[in-house]
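Novice: Dumping the structure here so I can ask a few things about it.
The values are calculated or read from the model by the stated rules, or taken from the named source; none is laboratory data. This one's a predicted model, so the numbers in the text were calculated from it and none came from an experiment. Neighbour counts are summed over all protein chains in view; Cβ atoms, including those assigned to glycine, are modelled from backbone coordinates with ideal geometry. Protein only, heavy atoms only, side chains kept; ligands, DNA and RNA dropped before computing areas. Shrake-Rupley method; radii C 1.70, N 1.55, O 1.52, S 1.80 Å.
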Amino acid sequence: MQSTHAIFRQTGGPEVIEWITEEHPAPGPGEVTIEHGAVGLNYIDTYHRRGIYPVELPSPMGLEAAGKIVAVGEGVSDFAEGDRVATFGPLLGAYATHRNIGAEHLFRLPDSIDDQTAAAAILKACTTEFLVERCGKVQAGWPVLVHAAAGATGLLLVQWLKHIGAEVIGTVSTEAKADAARAAGADHIIFYKQEDTAARVREITGGAGVRVTFDGIGRSTWETSLDATGKCGLIINYGNADAPVGEVDVGVLAMKGSLFNTRPMLFHYYEDPAERAAGAARVWKLFEKGALSVTIGQTYALTDAAQAHIDLQSGKTTGSTVLLP
């Protein structure tokens, strides 16, 4: 069986992505071979490629994918050939037609979730679950701010937050993205390129600011997040779409209202097997209830991943992006 997969030998722009086609090895002990039906694109993929999150080189690419098991290695008892599964890492290697991966990294897919939905959603939806439920501990009635509310994770955050009864303020750049955020349930829209986001947040909240700010942008929105978050509120920096925030004088958190700030990682919240199972169960339950849906704004051929990276980083994408083997 032949397989094709991506690697990068040095950090840099999308041009460093290479494709290799070779005979696919049999799964080792504890592993399965997955034939991918769809692969998810995530901003963290660009962090690995750019060296923001260092990895050993040469490195495979991608975290999120869904497909079916076509071979099972020695010692695997929880899965069988033909099972439909998805993964979001932490091991890289999802940019591939086939891959071998340890069974402990897999989530079984319900029949109601197709491969494209799973590949578009599992990393971002599980991220949303832990950010809202276990990190932010958001309660009904709380005003919250979601930067980039029409992005892939942003749209899921808006939906989840509305489901639990929060008052959602979302920032967007265009009317089309505003429509997407409103359709997801955003109560208020701020056009961050045209308006002072923090001032508008204070206006919307009667001067109080939000209880929680979800910031996946990083450096360019840090000051805005500080000014928009109310007294004793929480800023959750969960991504670096712009650039890492960098060094922070923690004294500013006191001066801005005794704020809390955290930089959580998905894999820490999904490290324990029981937590993994419970988190994924919450995600699939909301999908099955219709409270959560994923917007696949665009698809690319798997080997067009470089162009997908270009479009993602330039802000041309809406919702989730899926690569198709």
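Novice: So which GluC sites (Glu not before Pro) in region 1-68 end up in coil per DSSP with only 12 or fewer other C-beta atoms within 10 Å?
Specialist: Taking region 1-68 and a limit of 12 other Cβ atoms within 10 Å, the loop GluC sites (Glu not before Pro) found are 56.
Novice: To continue, here is another question. Looking at region 223-325, which GluC sites (Glu not before Pro) are in a loop (DSSP not H, G, I, E or B) and have at most 16 other Cβ atoms within 10 Å?
Specialist: Taking region 223-325 and a limit of 16 other Cβ atoms within 10 Å, the loop GluC sites (Glu not before Pro) found are 247, 271.
Novice: To the nearest 10 degrees, how steeply does helix 273-289 sit against the main Cα axis of the chain, on a 0 to 90 scale?
Specialist: Its long axis makes an angle of about 70 degrees.
Novice: If I take every Cα pair under 8 Å that is 6 or more residues apart in region 178-256, average their sequence separation and divide by the length, what percent do I get for the relative contact order?
Specialist: Once divided by the residue count of region 178-256, the mean separation gives 25 percent.
Novice: Suppose we flag trypsin sites (Lys or Arg not before Pro) only when DSSP calls them loop and at most 13 other Cβ atoms lie within 10 Å. Which is the longest uninterrupted stretch of the chain?
Specialist: Free of exposed loop sites, the longest segment is 10-136.
Novice: If contacts are Cα pairs under 8 angstrom and at least 6 residues apart, what is the relative contact order of region 43-83 in percent?
Specialist: 28 percent
Novice: Over the chain, what is the relative contact order in percent, taking alpha-carbon pairs closer than 8 angstrom and at least six residues apart?
Specialist: 17 percent
Novice: Working out 0.36 nm times the residue gap between residue 265 and residue 77, then minus their Cα-Cα distance, what length gain in nm do you get to one decimal?
Specialist: Full extension from residue 265 to residue 77 adds 64.7 nm.
Novice: Let me ask something else. Report the accessible area of residue 1, computed with a 1.4 Å probe over the heavy atoms of all protein chains in place, in Å² rounded to the nearest 10.
Specialist: 100 Å²
Novice: For region 291-311 and region 176-213, write down the distance between their C-alpha centroids in whole Å.
Specialist: So the separation of the two Cα centres works out to 26 Å.
Novice: Also, quick follow-up: Within a Cβ distance under 11 Å of residue 192, other residues only, what is the Lys/Arg minus Asp/Glu net charge?
Specialist: Neighbour charge sum, excluding residue 192 itself: +1.
Novice: With a 1.4 Å probe and all protein chains kept in place, how much accessible area does residue 53 have, in Å² rounded to the nearest 10?
Specialist: Solvent-accessible area, nearest 10 Å²: 50 Å².
Novice: Next up: Taking K and R as +1 and D and E as -1, what net charge do the other residues with C-beta under 9 Å from the C-beta of residue 256 add up to?
Specialist: 0
Novice: ³J(HN,Hα) across region 237-245 via Karplus (A = 6.51, B = -1.76, C = 1.60, θ = phi - 60°), whole Hz, x for Gly/Pro?
Specialist: Per-residue couplings from phi come out as 8, 10, x, 10, 4, 8, 5, x, 4 Hz.
Novice: Helix 175-184 against the longest principal axis of the chain: what's the angle in degrees, Cα atoms only, rounded to the nearest 10?
Specialist: Compared with the principal axis, the helix lies near 80 degrees.
Novice: Moving on to the next point. Which links in 137/289; 68/193; 68/124; 162/231; 68/137; 193/285 stretch past 32 Å when you go from one Cα to the other?
Specialist: In this structure, 68/193; 68/137; 193/285 lie more than 32 Å apart at Cα.
Novice: In whole Hz, with x marking every Gly and Pro, tabulate ³J(HN,Hα) for region 254-262 from phi via Karplus 6.51 cos²θ - 1.76 cosθ + 1.60, θ = phi - 60°.
Specialist: Whole-Hz 3J(HN,Hα) from phi for region 254-262: 5, 5, 8, x, 6, 6, 9, 9, 9.
Novice: Given 0.36 nm per residue, what is the gain on full extension from residue 219 to residue 164 after removing their alpha carbon distance, in nm?
Specialist: 16.9 nm
Novice: How much of residue 88 can a 1.4 Å solvent probe reach, expressed as accessible area in Å² and rounded to 10?
Specialist: The value for residue 88 is about 0 Å².
Novice: Moving on to the next point. Given the C-alpha centroids of region 40-119 and region 270-286, what is the distance between them in whole angstrom?
Specialist: First find each Cα centre; the distance between them is then 16 Å.
Novice: If the chain between residue 56 and residue 281 were fully stretched, how many nm would it gain, using 0.36 nm times the residue separation less the Cα-Cα distance?
Specialist: Roughly 77.7 nm would be gained on extension.
Novice: Given the -39500 (n - 2.57) contribution per DSSP H run of 4+ residues, what per-residue ellipticity at 222 nm results for the chain, rounded to the nearest 500 deg cm²/dmol?
Specialist: -8500 deg cm²/dmol
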